[in-house]
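Presented below is the structure to which this report refers.
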Amino acid sequence: MVGVLLLIALQAPSPSPPVGDGRGEGDAIPLPPVDVPAPPEEAPAAASSPTRRAPSAVTTTVEPTEHRGEAKDTAALLASTPGVTLAGAGGTGQSTSISVRGAASSGVLVLLDGVPLGGPSESVDLATIPTPVVERLEVLKGGGARYGPGALGGVLNIVTLRPRGKARLFAEATQGAFETTLLSAGATGELLGGQGLFVLHGARSEGNFDYAYRPLSELAGSPTEARARTNNASLLGGALLKYRAELPKGVALDAMVEGTAYARGLAGTIDNPTTDAHEQGQRATFGARVTKAFEGAGELEVLAWGRLHRNAFAGGAFGSDVYAQTDSGAGAEAHYSQLAFGRHGLSALVSGSAEWLQAPGGNPSWGRFSAMARDEVLLLGGDLTVDASVRVDRSGPFTGFSPHLGALWLLPRGFEVRANLGQAHRPPSFFELYVQQGHLIPNAQLKPERGLYADGAAGFRHGRGFVQVGGFYALYEDLISYEYYPPLLARPVNFAAARVAGLEVEARVEPLSWVQASATYSLLFTQNLKDDPRFYLNPLPYRPRHKLHARLAVGPRWLYARGEVLYQSDQFVNRTATLTLPERAFVNLGATCELLQEPKLSLSFELKNLLDVQGMDLDGYPLPPRAAYLTLSLTWDVVPERKS
Amino acid sequence: MKRLSLMSLLFLAGCPETGVVCRAGTQRCGNGCADTSTDSRNCGTCGQACFGTQVCVSGACQCRTGTVLCNGQCVVTQSDPKNCGGCGMACPAGNVCQNRACAATCAGGATRCGAACVDVLTDPTNCGSCGNPCADSQSCRAGACQWDLVAACYTSGQVVGVASGSDVRGPLQPLGSGPFSIAQYGPVLLAGDVTDSRLVQARLPSLQQLSEFNALGRGVNQVLVDGTQVYAVNSTGHTLQVLQPVGDAGCPAVASPDAGCAYLALADGGSALPLGADAGCFYPATDAGCVAVRLDDGGLGPLALEDAGCFTPPPPPAPPGMPCFQGASDAGLKLATVGELDTGTGTLPSAVVKTGSFAWVPLLATGDLLKVDVSDAKSPHTVASVPLQSLNLRPFDGGSTAAYPSSIATQSGKLYVTLNNLDLGTYAPGGPGLLAVVDATSLDAGVIELGSMGCLNPVAVLAAQGKLFISCAGAATFDMNYQLLSVRSAGVVMLDPSTLAHATWSPQCSSGGDGGCLPILPSKLAVRDGRIYLGDQNGGRIFAADIQPDGGLTERRGYAGAMGGPIQACGVDPAVGFSNVSDLISLP
């Protein structure tokens, strides 16, 4: 939002750009597209919380609408994002975690329209994020110093669908392998003087599949046999309700309620599969944002939010008893931004929240209080944006400072350079600190994890595509890991320091109106910097060094085919770097045919894992084999949008 | 803006502390890590070497057991001609000292080393030959230096030797990443490494790691050596893995018999290892200063026994079929997996013992005991299963427990299996400690209740000296910070299985967890020289008790030990707060 305000402010005094700098005549000084993501015909989704994102941040945005009909869940949509590593348990609806730039999943802050989804420093399961409610996924890579505790490696901001002024109905149905059915339907339009949106969605999958298993794994030449992954079913359903209204005196209101319920079998591990373990969960998220613009280019934004997530486990190692836990939170934040001195965008944020956990092992709670001050200044006629911020957070007994310094330099002919430097931290979670979970016992003596990060990227944007190449470096200390604790227990300890460095390349080109090609590549080096000789200087486990995604789509809009390759190199699974999971490469093919234009009706066919490669989850349990899906999508603009 | 930037930079609290951290119990010395509490070359501090035959105990150089300090020298008054029978009591010129008395010649088969009469089979200062002291506090047994006990430290990835009697331990030696189970294979110590899923090796008695290793399945719980074969029980990987030496009886196919472990006969009737042709031998004659001569057969050998102190006696004869080692580099045992048995997903095999051509494998998760025919190592197969879960587990208060068979031993045609007998919900003891008894022939099964003997949660059983020794982990109580506060019904039960006569030893931590007394959490145990040694998985210690002639047990090393406190075998990493003796074996 500050970026938009700055844009307005600078339009008047800014001198005309020199001839031949590549900009179109009459253009204002452009800000990076990533910071002004508003679509051309609609108001921006105010609840996306752009207020905290630094313009210099290295961010990748994924829009599900670009992948309509491809039967992709939220995790699959993020699979191509450079710097992101996903770890899925295998199959539709099975748990999937996200790692950004080598930070563990608990070091990635996941927000739903600005509302933190997980408990304090808890990993968020992406499988419970329904794709039909998502408008776009923003992945901020590098320490999210402006987002507060937990964003050690980055931030995933899930922006839900925005209400529209014109009435629209939309629906999608997918049927495919493993008895998988995905259904969603929604409507948007004018409502009570504003704009409303309602989405219903559901998904079920039997999930069972066969795989090749070698029971005598250490005996050279021993045969494989066919086994079935069972107890892998999932069921998920929910709804999203949003409302947006422009109120008198420059006040805007955005409200969102999202609810999701799910149930799934827990297949266990390849060595010890479980036939009766299962999980049930319900999540409700609420957010209301009020924005008021003041004369003099000031703006106040207030967000109130609440979150409730309950999940329960039974069967398997949990026995006949139900192990249920509920994490909840509620809070509010106020953010004021003000243009000053012609080129400064000053802002301040204060927030407070309370978070609770109810679990058989304890019921901890704590309060969080945060304050952030920030300045963005435009230099060189607006071509150079320098932003600096400092944030202080008090999370229960922990205090963290999160400074950030960044710069974005827009060069002629579509080139741009960005760089960031900062510090982030992750306080231990409730479970790590206070609550026993079966064999996992807590450690109240834990210190927060801390990360220092720096990155830089150079990009080139053109009407037919863009390319961005960036590198990053981060130092982490006091990383937390569960270690054996007698008898038969595991306990978290601050064990090490580590360095993480890497390279991220992202390119997209549309040489012809009917040809689109994109590719991303991630290179990730990790190294343990403080440990005993068994672990010292070893790579951190579960961090594949290479990840490559390439995609090609060919054809006119009404009939196009696509293919993609996802490659991930092997990865160590222990700290001594002696055991590995093998590399893998998945090839997916698909085609979409537009059957009708008004209403828009399209049919898609998707063939995943064409080569039937047996990938593995982090425990070595095989991932789904080749699978086919058929999707029917409908979008009907019932009433043409009223001209204002 | 500038001020804000400056503030930002100030809040960057500096780079993290980095660098190698020595494993628990060791500290940085130069480019490496040394156990300064027991390392004779770095005793107390880096570079502080002990003189002569001194050993390093608790960070201080001192005379080893059997020697006394005379004029700044540690001497054996039993045989030292200058201190024969006491300090300064020199024998006349030409006399020798034997049994603390001067004499004209050595008698009774004693070996003359200078003017001292010694038994080179037992003398740790002249072990096997004159002037060959054993390193650190190793014992001399049958003319070879050896540790009496070896303990594995899982948490810190180390092994350590302990001398029985003196109860002094040697330096901590790194071995693998997480050695959980250890076993002796001739001159090699094998360790099942859980962290790396490997079978790693160390040279005995130095305990220095060898480069050879084999891949194991996941979660190796026990390694058993039987004859030339090695059995590994992979708990998570649910397999019984059989390994055996590569090649003809373990000797490399390319090595001619005489080029390997053959010893050269010397003119004076002794023997020595060939210096230049020891390709197949484990003990190369590398003694510095050894004068090598060309022998009649073209090889090289030492000139004479007394010359330059280079004589290396033959090691004790290897058991029949014991393999030689591959290559002159002493890489270690060349083993290969020849057979594997899948016990079934989710079964969690926990241990193994051999009787004849059968291996017996208890399954922790299902509560069964498998009888496995291993007569053909390449195709082990289950021939019978004994359901231990169906035994009367006698749960407390009518609850329900799982048998959780965790370890096994055999004696007199019977198999003895410890049953943890834990509550299904809490994994705490839900019934008395039990010992299942299975007839190896009829497969009839019954239980011996150990609970009435003060034992809960039995975790290890050992058959020795006609008795059974059972380690009981007890019931642990933690404080609010999950520090171990107390453990009740923990210790050792010594049981005569035929009469059920028993004795119990329970090390009592009287002052509780926060009174400076760290509770013991028993793990594996070993029996040696009439003593029971009990590993501790809480403080990394070894407790010891003497077996009295009347069958009683008295604490030797422990909270109230007659000889002092427990042996601090494994180092404690302050960041972790505990240390784990994961296995403890006695070497013959």
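The values are calculated or read from the model by the stated rules, or taken from the named source; none is laboratory data. Values in this document were obtained by computation on a predicted structure and should not be read as measured data. FYI the Cβ positions are ideal-geometry reconstructions off the backbone, even for glycines, and counts take in every protein chain you see.
Scanning for something under 23 Å from the mean Cα position of the chain (by Cα) and within 12 Å of chain A (Cβ to nearest Cβ), does segment B:393-404 turn up at least one residue?
First pass over segment B:393-404, keeping only residues under 23 Å from the mean Cα position of the chain (by Cα): none.
No, because not a single residue in segment B:393-404 is under 23 Å from the mean Cα position of the chain (by Cα) and within 12 Å of chain A (Cβ to nearest Cβ).
Among the residues of segment B:548-564, are any in a strand (DSSP E or B) and of a type in the set (G, A, S)?
In the first step, residues of segment B:548-564 are kept if they are in a strand (DSSP E or B); the result is B:553-557.
Then drop every residue that is not of a type in the set (G, A, S), which leaves none.
For segment B:548-564, residues in a strand (DSSP E or B) and of a type in the set (G, A, S): absent.
Listed here are the residues, each with its yes/no results for (1) among the β-branched types (V, I, T); (2) closer than 30 Å to A:S121 by Cβ; (3) assigned to a loop (DSSP other than H, G, I, E, B).
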site	(1), (2), (3)
A:V155	yes, yes, no
A:V159	yes, yes, no
A:A173	no, no, no
A:G189	no, no, no
A:V199	yes, yes, no
A:A203	no, yes, no
A:D210	no, no, no
A:E218	no, no, yes
A:N231	no, yes, yes
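Here is a list of conditions, (1) of a type outside the set (S, T, Y); (2) buried (at least 19 other Cβ atoms within 10 Å of the Cβ); (3) in contact (Cβ under 8 Å) with a residue 40 or more places away in the chain; (4) touching an Asp or Glu at 6+ places or on another chain (Cβ under 7 Å), and B:L216 meets all of them except one; can you say which number that is?
For B:L216, the failing item is (3).
From A:D276, A:D271, grab the single residue that is within 14 Å of another protein chain (Cβ to nearest Cβ) and within 30 Å of B:S379 (Cα to Cα).
A:D271
State all residues of segment A:377-397 that are surrounded by 20 or more Cβ atoms within 10 Å (Cβ to Cβ) and more than 14 Å from chain B (Cβ to nearest Cβ); if no residue qualifies, say none.
A:G382, A:S395 - these are the residues of segment A:377-397 that are surrounded by 20 or more Cβ atoms within 10 Å (Cβ to Cβ) and more than 14 Å from chain B (Cβ to nearest Cβ).
Pull up segment A:512-543, narrow it to residues that are more than 29 Å from the chain's Cα centre (by Cα) and assigned to a strand (DSSP E or B), then point me to the one that is modelled with the highest pLDDT.
For segment A:512-543, the residue satisfying everything is A:L512.
May I ask you to say which residue of A:L529, A:L503, A:L523, A:L488 is free of Cβ contacts under 8 Å to residues at least 60 places away in the same chain, farther than 21 Å from A:H425 by Cβ and within 14 Å of chain B (Cβ to nearest Cβ)?
Exactly one of A:L529, A:L503, A:L523, A:L488 is free of Cβ contacts under 8 Å to residues at least 60 places away in the same chain, farther than 21 Å from A:H425 by Cβ and within 14 Å of chain B (Cβ to nearest Cβ), namely A:L488.
For B:V75, only one of the following conditions fails: (1) within 29 Å of B:V118 (Cβ to Cβ); (2) out of contact with any strand residue (DSSP E or B) (no Cβ under 8 Å at 6 or more places or on another chain). What is its number?
Checking B:V75 against (1) within 29 Å of B:V118 (Cβ to Cβ); (2) out of contact with any strand residue (DSSP E or B) (no Cβ under 8 Å at 6 or more places or on another chain), the one that fails is (2).
Given the criteria exposed (fewer than 15 other Cβ atoms within 10 Å of the Cβ), at positive phi and among the acidic types (D, E), does A:D612 qualify?
For A:D612, the condition - exposed (fewer than 15 other Cβ atoms within 10 Å of the Cβ), at positive phi and among the acidic types (D, E) - is met.
Look through B:G186, B:G227, B:G219 and report the one residue that is at positive phi and within 14 Å of chain A (Cβ to nearest Cβ). Let's see the steps before the verdict.
Numbers: B:G186 fails: within 14 Å of chain A (Cβ to nearest Cβ); B:G227 fails: within 14 Å of chain A (Cβ to nearest Cβ).
Only one candidate qualifies: B:G219.
Among (1) in contact with a Ser or Thr (Cβ under 6 Å, 6 or more places away or on another chain); (2) within 14 Å of chain B (Cβ to nearest Cβ); (3) under 23 Å from A:G268 (Cβ atoms), there is one condition A:L219 misses while meeting the rest; what is its number?
Going through (1) in contact with a Ser or Thr (Cβ under 6 Å, 6 or more places away or on another chain); (2) within 14 Å of chain B (Cβ to nearest Cβ); (3) under 23 Å from A:G268 (Cβ atoms) one by one, A:L219 breaks only (3).
Quick test of your reading of the structure: A:G406 fulfils all but one of (1) away from chain B (no Cβ under 11 Å); (2) under 19 Å from A:G422 (Cβ atoms). Name the failing condition by number.
The failed condition is (1).
How many residues, within segment B:136-158, are closer than 23 Å to B:A60 by Cβ and among the aliphatic types (A, V, I, L, M)?
2
So that you can scan it fast, the table gives a plain yes or no per residue for (1) more than 21 Å from the chain's Cα centre (by Cα); (2) surrounded by fewer than 20 Cβ atoms within 10 Å (Cβ to Cβ); (3) within 14 Å of chain B (Cβ to nearest Cβ); (4) closer than 25 Å to A:Q516 by Cα:
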site	(1), (2), (3), (4)
A:R545	no, yes, no, no
A:A550	no, yes, no, yes
A:D570	yes, yes, no, no
A:R584	yes, yes, no, yes
A:V587	yes, yes, no, yes
A:G590	yes, no, no, yes
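Residues in segment A:183-198 that are aliphatic (A, V, I, L, M) and touching a Pro at 6+ places or on another chain (Cβ under 8 Å): how many?
2
Pull up segment A:357-376, narrow it to residues that are in contact with an Asp or Glu (Cβ under 7 Å, 6 or more places away or on another chain) and away from every other protein chain (no Cβ under 14 Å), then point me to the one that is surrounded by the fewest Cβ atoms within 10 Å (Cβ to Cβ).
Among them, the one singled out is A:S365.
Go through (1) within 30 Å of B:D423 (Cβ to Cβ); (2) at pLDDT 95 or above and name the single condition A:G459 misses.
(1)
Can you name the strands (runs of 3 or more DSSP E) wholly within segment B:411-487 that have at least 1 residues being at pLDDT below 95 and within 14 Å of chain A (Cβ to nearest Cβ)?
B:475-478
Residues are listed down the side, and each one gets a yes or a no for (1) out of contact with any helix residue (DSSP H, G or I) (no Cβ under 7 Å at 6 or more places or on another chain); (2) under 17 Å from A:A87 (Cα atoms); (3) basic (K, R):
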position	(1), (2), (3)
A:F525	yes, no, no
A:K530	yes, no, yes
A:F535	yes, no, no
A:P539	yes, no, no
A:R545	yes, yes, yes
A:H549	yes, yes, no
A:P556	yes, no, no
A:L566	yes, yes, no
A:T576	yes, no, no
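Taking segment B:113-144 as the region of interest, how many residues are at positive phi and within 22 Å of the chain's Cα centre (by Cα)?
Step one: of segment B:113-144, the residues at positive phi are B:114, B:128, B:131, B:136, B:142-143.
Subsequent filtering for residues that are within 22 Å of the chain's Cα centre (by Cα) retains B:136, B:142-143.
Total satisfying the criteria: 3.
Taking strands (runs of 3 or more DSSP E) that do not extend beyond segment A:544-644, which have at least 1 residues that are closer than 30 Å to B:D196 by Cα? Spell out how you get there, then give the answer.
On the way: elements: A:546-554, A:559-568, A:584-596, A:600-608, A:627-637.
Here the list reads A:546-554, A:559-568, A:584-596.
Whether any residue in segment A:507-514 is more than 9 Å from chain B (Cβ to nearest Cβ), in contact (Cβ under 8 Å) with a residue 60 or more places away in the chain, over 30 Å from B:N580 (Cα atoms) and among the polar types (S, T, N, Q) is what I want to check.
Within segment A:507-514, not a single residue is more than 9 Å from chain B (Cβ to nearest Cβ), in contact (Cβ under 8 Å) with a residue 60 or more places away in the chain, over 30 Å from B:N580 (Cα atoms) and among the polar types (S, T, N, Q).
Mind listing whichever residues of segment B:566-586 are more than 18 Å from the chain's Cα centre (by Cα) and either in contact (Cβ under 8 Å) with a residue 60 or more places away in the chain or closer than 17 Å to B:G170 by Cα (or both)?
Of everything in segment B:566-586, those that are more than 18 Å from the chain's Cα centre (by Cα) and either in contact (Cβ under 8 Å) with a residue 60 or more places away in the chain or closer than 17 Å to B:G170 by Cα (or both) turn out to be B:V572, B:D573, B:V576, B:G577, B:F578.
Quick check on my filter: what residues within segment B:67-94 are touching a Ser or Thr at 6+ places or on another chain (Cβ under 9 Å), surrounded by fewer than 18 Cβ atoms within 10 Å (Cβ to Cβ) and part of a loop (DSSP other than H, G, I, E, B)?
Result: B:G85, B:G86, B:C87, B:M89.
Please verify whether segment B:497-509 includes one or more residues that are outside any loop (DSSP other than H, G, I, E, B), away from chain A (no Cβ under 14 Å), under 21 Å from the mean Cα position of the chain (by Cα) and surrounded by fewer than 24 Cβ atoms within 10 Å (Cβ to Cβ).
No; the residues of segment B:497-509 include none that is outside any loop (DSSP other than H, G, I, E, B), away from chain A (no Cβ under 14 Å), under 21 Å from the mean Cα position of the chain (by Cα) and surrounded by fewer than 24 Cβ atoms within 10 Å (Cβ to Cβ).
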